[in-house]
1. Among what's in the range 427-460 and is more than 28 Å from D320 (Cα to Cα) and in a loop (DSSP other than H, G, I, E, B), pick the residue that is nearest to the ligand (Cβ to nearest atom).
2. Check the range 379-386 and report whether any residue there is surrounded by fewer than 15 Cβ atoms within 10 Å (Cβ to Cβ), over 30 Å from Q454 (Cα atoms) and not assigned by TED's automatic domain parsing to the domain that holds A230.
3. Determine which single condition T114 fails, assuming it passes every other condition in (1) of a type in the set (S, T, Y); (2) in contact with a Ser or Thr (Cβ under 6 Å, 6 or more places away or on another chain); (3) free of Cβ contacts under 8 Å to residues at least 40 places away in the same chain.
4. Which is free of Cβ contacts under 8 Å to residues at least 40 places away in the same chain, surrounded by 20 or more Cβ atoms within 10 Å (Cβ to Cβ) and on the phi > 0 side of the Ramachandran plot, of G164, G139, G130?
5. In the range 303-338, which residues are in contact with a Ser or Thr (Cβ under 7 Å, 6 or more places away or on another chain) and farther than 23 Å from H268 by Cα?
6. How many residues does the range 81-97 contain that are in a strand (DSSP E or B) and within 16 Å of D216 (Cβ to Cβ)?
7. Might you let me know whether the range 373-390 holds any residue that is away from the ligand (no atom under 16 Å from the Cβ) and under 16 Å from the mean Cα position of the chain (by Cα)?
8. How many of the residues making up the range 352-364 are more than 16 Å from the ligand (Cβ to nearest atom), in a strand (DSSP E or B) and touching a Gly at 6+ places or on another chain (Cβ under 8 Å)?
Amino acid sequence: MVAALVVLAPLVWFWWSSLVPSNASVMDMGYQDSGGAASVVHEHGRSRDDGGRTVSVADLTGPVDGSPDVDVTLTVDRGDVVLADGRTVPGYTVNGVSPGPTIEAQVGDLVQVTLVNRSVVDGATLHWHGVDVPNAEDGVAGVTQDAVPEGGRHVYRFVVPDAGTYWYHSHQVSHAQVRGGLFGALVVRPADPAGSDVDVVAAAHTYGATPTVNGDPGGLRVPADPGTTARVRVVNTGSGVLRVWVPGADYRVLAVDGREVHEPDAVHDRTVVVAGGGRADVEVAVPDDGSAVRVRLGSLSVLVGGDDATDGADPRERLDLLSYGTPADVGFDPRAADRSFTYAIGRRPGFVDGLPGLQWTINGHTYPDVPMFVVREGDVVAMTIRNSSGQPHPMHLHGHHLLVLSRDGLRSTGSPWWVDSLEVENGQTYQVAFVADNPGVWMDHCHNLPHAQQGLIAHVAYTGVVEPFRLGGETGNEPE
Ligand SMILES: [Cu+2]
């Protein structure tokens, strides 16, 4: 009896202490980490060194006035997705299809999107993955808004500050809704229209067990004249990496995660690895002889030009973005960090929300006892992302782009490598830095969405920002 109690009592305590409150604020979760800047303490949104001035997440909106340059209504439904070959897969649609319509804008445009939730019972939101929007437009249920209930609507308004390839997806019950098809692409064109002759989006997504490009299990065919160039905007909407290569021809990587590569040189017989949630814009030349050039997206292909194209196996050798392109000004000094954080991902047996299992840990803690990385507007922030968890993780910080400084001590010598979705393999350590220039409360999580649902989530919060939204409770907010 005593022996049984000795064994059971700690287990019961671990179980009980792991329960996640059914109605909670992310601000009350875990513990505050000030990154070595001892002067700032963030207490429920109030900070001592900002003179107690506060602003609510809900007030950190895009422009309230002005007529939009791009005005789109996206109606979301729960229902069958019809793939291009006629097969149907249960999931989610946007304006009746998946992927949803591609939103096209020009840099500096005011974009207005009205989300109408027609039949998604769990509620839905739209997150603008990679677009550094004002916090209240970020579309995270329970953090930047309430989930839009069935029958409800929500208007997003934001200026698109940077040209590039982005995507939108639900951030409510996202592990199910994104996998089920509630997403689409967002392309922001530069002010200077000069570029490749042909410009296409290629969104790789697996519905059920069926890999597709733009919803087509047969891949994508793009007509193009011989001798022209094409920009293929690869979007990896999945949880794992997407391997991209061009058999038998050179290519260039023009952009990564919506940021141009500086002076990208020709890549030959190498694979570019795109993280879950990440993007790579690949430029290829259409052959003069009337054949096509093939861009492989894993098991599928994008054929640009004629009907016939060379094929070839995955080169295995990777393009290392640490040394690709040439250096350029990054606009800040990453060595002069005001705060330095560690985001160390591990794994150990334990309980999360009453369920036993092998749990993800962040700096040794399991969800919801995870760090809140506290920053102040204007800070230069350094972060060490380390992974010893046994699995790779595509790490995604909302609202900011991270500059990659080094991997396993190997410093970046190529183009500035900006990311919003960084694949961190088991055993790797990345040093990254960013400028805290977008006040709010931002998710900083694994974009392998089932991992996020299992608790691989932290947040970056600015001093002086108050969080009015809550997880759970009557709102049903459940961002993962
Ligand atoms: Cu992960």
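The values are calculated or read from the model by the stated rules, or taken from the named source; none is laboratory data. These numbers were taken from a predicted model, which means no experiment stands behind them. No Cβ is skipped: glycine too gets one built from the backbone with ideal geometry, and neighbour counts run over all protein chains shown.
1. Checking each candidate, the answer is Q454.
2. No, the range 379-386 contains no residue that is surrounded by fewer than 15 Cβ atoms within 10 Å (Cβ to Cβ), over 30 Å from Q454 (Cα atoms) and not assigned by TED's automatic domain parsing to the domain that holds A230.
3. (3)
4. G139
5. Passing the criteria: only A328.
6. Here the count works out to 7.
7. Among the residues of the range 373-390, not one is away from the ligand (no atom under 16 Å from the Cβ) and under 16 Å from the mean Cα position of the chain (by Cα), which makes the answer no.
8. Number satisfying all stated conditions: 1.
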